[in-house]
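Below is one structure; the comments refer to it alone.
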Amino acid sequence: MVDYEITDQALEALVLHALMELQGVRPLETIPRPLGEVFKRARPVRVERTPEGLSVDLVLSVDYGLPIPELAPKVQKEVAEALYLATGEKVKAVNLTVAQVEYPKEAHAAQG
């Protein structure tokens with residue numbers, strides 16, 4: 001039997017990689033102070049280990065125009081599958097908070 005450990009940073013990296021597979025969604029790069037106080041999360045990706053399985057909390061930025069109710073289950077599925085396939089551990093929950101909607105930079109340049 002092989003003994004190994006997967007660090008929290010490695011789990012978070014797996015989540016980030018899963019998010020890269022999806023268009024129009026990304027972890028929030030910097031949480032504005034008022035949002036940080038509301039959500040009380042210092043990091044946009046947090047993975048917690050519980051006896052029931054892994055629990056993931058994500059604070060996301062989404063591109064304007066994407067239907068968030070349709071996007072959310074896709075994000076949850078991608079993240080849960082990526083973690084399960086890489087670790088074999090059950091994923092109990094993938095909790096999402098959309099904290100920012102980003103407008104395309106091209107639209108801002110055209111208006112300016």
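The values are calculated or read from the model by the stated rules, or taken from the named source; none is laboratory data. Please read these numbers as outputs of a predicted model, since none were measured by experiment. Glycine gets a Cβ as well: all are built from the backbone with ideal geometry, and neighbour counts include every protein chain shown.
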request  = Please determine, by comparing only the residues of region 63-109 that are outside any loop (DSSP other than H, G, I, E, B) and acidic (D, E), which one is farthest from the chain's Cα centre (by Cα).
outcome  = E106
inquiry  = Under 7 Å between Cβ atoms, which residue pairs at least 6 apart in sequence (or on different chains) link something in region 77-102 that is in contact (Cβ under 8 Å) with a residue 40 or more places away in the chain with a partner that is among the acidic types (D, E) and part of a strand (DSSP E or B)?
reply    = N95/D57; E102/D63
query = Are any of the residues in region 24-31 within 13 Å of A80 (Cβ to Cβ), touching a helix residue (DSSP H, G or I) at 6+ places or on another chain (Cβ under 9 Å), modelled with pLDDT of 95 or more and of a type in the set (A, V, I, L, M)?
reply = no
message = Looking at region 8-21 only, could you name the residues that are at pLDDT 95 or above and closer than 11 Å to V75 by Cβ?
response = V15, A18, L19
